[in-house]
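Below: the structure, in structure tokens.
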Amino acid sequence: MFKSKLLIFCVLSIFGLWFGEDARSQEKLTLTLDEAIDIALTESPTVKIADLTVQKTGYAKKGTYASLYPNISLNGNYQRTIKKQVMAMEMNGQTMEIEVGMSNNISAGVTAAMPLVNAQLWKSLKLSAIDVEIAVEKARSSKIAMVSEVKQAFFGVLFAKEALNLYKETYDNQVRNFENVEKKYNVGKVSEFEYLRAQVNMKNAEPNVYSGETAVELAIWQLKAVMGIDFETELDVVGEIKDYKDPLINPSIEQLEYDVEHNTNLVQLGLQNEQIDAAIKQYKYGYLPTLSASFNYNYVTLSNDFDFHWNPYCVAGLTLSIPIFDGLSKHYNISQYKKTQEILKLTIEDTKRQIQIGAKNYTDVMQTCVKRYAAAESTLSMAQKSYNIAEKMFEVGKATIIELNDAELALMQAKLNISQSIYDYMVAFSKLNELIGNEYK
């Protein structure tokens, strides 16, 4: 669905170019959470870079496999002898000097070579395969992080819009209260102090509306940034922050199970450990003999003039290489990799502990949000009732404007606490999914 909306938006934008800036600015791209995530996974430069890296590593792997096939090449060579070599020989007590060689030496042919037995080369193929797995895991990590960022930005927009609505509601109430106080002040039913206090409260509520509008605008810009779309795009989101309250009403955090082994950092460290294992085996295989085959078919011609007579020359052979001594180079490289592996295993253990601590922290935050939500829900009904009573009492002159403002402030704070609890819960839940490596479905 998001693709159709995006297509519609693009078409409307084109018509906007035809009919003027005003017509274009009236259209908005309105997205649900799933649509925002889908666009981010399609348009984000971070995800595109990760996918291109996977493709690049795949080509490198194929290049390594190419070393198993015959290496065939055509070659040609021309040499012009400027000064011929002189061969001296003694015959019957006299020294004779004879020039050796021809003025023109030309050869052309084809050569081929391929490894038959090379354990070290075969093991390098395993290293290339692990490189691809690491690139794929990094791409998965980028997508998981992108989904988490989009969710947090999306919830940030919903929370900012909810806060703005509360600020507007408070401001409207303050305007209405001031108008009521002004009427009573004009007929002498309230003091000048209450009149001034009502006016000050109205003026103080106005900047909150401006701040809320700015917060909404910044939140939408943040969402555009993580989605990877143009900042000039008119964007809005579907829904309210209260649409995501179900997990807080029916919490199941106690039964929440998570497996930190799927954390993308742990997976990458595990692949690096496999890579070191393969590298150690590759160096060990360097102690084994290698066998390769070669083939050479050439045509050669030698002449002092350019009347050439070509002679074929063909050779096929096997080359056996047995390593004897390399100055302990392989031994030191193996020792170095073993120490690196020991460090890596300690890093894996420490990373796993940190991930478990992070998961426990996010779970605790979610549990706290559930309790805050329940407390705010119970407080809201009381705050609403208190405000209604204060409003009625103020209308009949039984309460002051200060008491009415206190009741209204308590009501707004209760509503804000509910939205804040939902927002904090969803952000913590998004971060928990990112931490344990849950993929977006």
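The values are calculated or read from the model by the stated rules, or taken from the named source; none is laboratory data. Note that the coordinates shown come from a computational prediction; the quantities given were computed from them, not determined experimentally. Cβ atoms come from the backbone with ideal geometry, glycine included; neighbour counts cover every protein chain shown. For the accessible areas, the whole protein counts, side chains as well, though only heavy atoms, and no ligand, DNA or RNA atoms are used. Shrake-Rupley method; radii C 1.70, N 1.55, O 1.52, S 1.80 Å.
Would you mind putting 299-307, 145-153, 193-201 in packing order, based on average other-beta-carbon counts within 10 Å, highest first?
Working: 299-307: 12.6, 145-153: 21.3, 193-201: 17.4.
Result, highest mean Cβ count within 10 Å first: 145-153, 193-201, 299-307.
In percent, rounded to a whole number, the relative contact order of the chain is 22, using alpha-carbon pairs under 8 Å and six or more apart. In sequence order, the stretch 281-295 has phi-based couplings of 5, 4, 5, 5, 5, x, 7, 8, x, 10, 10, 9, 10, 9, 9 Hz under the Karplus curve 6.51 cos²θ - 1.76 cosθ + 1.60, θ = phi - 60°, and Gly or Pro positions carry x. Take every pair of alpha-carbon atoms less than 8 Å apart whose residues are at least six positions apart; their mean separation over the length of the stretch 48-121 yields a relative contact order of 36 percent. Site pair Phe295 and Thr351 shows an inter-label distance of 4.7 nm when each label is modelled 7 Å from Cα along Cα→Cβ. Taking the three principal axes of the alpha carbon atoms in the stretch 102-237, the coordinate ranges are 127, 40, 21 Å, sorted in descending order. Residue separation of Ser329 and Leu116 scaled by 0.36 nm, minus their Cα-Cα distance, works out to 74.2 nm of gained length.
Lys and Arg at +1, Asp and Glu at -1: add these up for the other residues within a Cβ distance under 13 Å of Ile106 and post the number. Before the final figure, lay out the partial values.
Working: positive: Arg80; negative: Asp305, Asp307.
Residues near Ile106 contribute -1 overall.
Extending 7 Å from Cα along the Cβ direction at Ser378 and again at Lys183 yields two label points whose distance is 3.9 nm. Taking Cα Rg over 2.2 N^0.38 Å straight from the coordinates, which label in (i) 1.77; (ii) 1.67; (iii) 0.98 is the correct one? Given (i) 1.77; (ii) 1.67; (iii) 0.98, the calculated one carries the label (i).
Below 8 Å, C-alpha to C-alpha, sequence gap of six or more: please give me the relative contact order for the stretch 310-441 in percent.
Details: 64 pairs, mean separation 43.7, N = 132.
Reported relative contact order: 33 percent.
Applying the Karplus relation 6.51 cos²θ - 1.76 cosθ + 1.60 with θ = phi - 60° to the stretch 111-121 yields 3J(HN,Hα) values of 10, 9, 8, 7, x, 9, 10, 8, 4, 5, 5 Hz, where x marks Gly and Pro. For the peptides 65-71, 102-108, 341-347, the ranking by packing is 102-108, 341-347, 65-71, with the highest mean count of neighbouring Cβ atoms within 10 Å listed first.
Once the 1.4 Å probe is applied to the protein heavy atoms, the chain comes out at 60 Å² accessible per residue. Close amide-amide hydrogen proximity is noted between Thr81 and Asn104, Asn105, each under 5 Å apart and 5 or more residues distant or on a separate chain (H modeled in the peptide plane; Pro and chain starts excluded). When both the stretch 307-340 and the stretch 265-296 are represented by their alpha-carbon centers, they are found 16 Å apart. In a fully extended conformation the segment linking Lys398 and Asn105 would gain 93.5 nm over its present Cα-Cα distance, using 0.36 nm per residue.
Heavy-atom surface analysis with a 1.4 Å probe gives the chain a carbon and sulfur content of 56 percent of its accessible area. Packing order of peptides 284-290, 370-376, highest average first: 370-376, 284-290 (average count of other Cβ atoms within 10 Å over each peptide's residues). Couplings 3J(HN,Hα) of the stretch 186-199, computed from phi: 5, 9, x, 8, 10, 7, 5, 4, 5, 4, 5, 5, 5, 5 Hz, in residue order, whole Hz [Karplus 6.51 cos²θ - 1.76 cosθ + 1.60, θ = phi - 60°; x for Gly and Pro]. Between Asp307 and Asp34, the simple spin-label model (points 7 angstrom out along Cα→Cβ) gives 8.8 nm. Per-residue ellipticity at 222 nm computed for the chain from its helices equals -23500 deg cm²/dmol, with DSSP H segments shorter than 4 residues left out and the rest contributing -39,500 (n - 2.57).
For Leu29, the residues whose amide H sits under 5 Å from its own are Glu234, Leu235, Asp236, ignoring neighbours fewer than 5 places away on the same chain, with H placed 1.01 Å from N.
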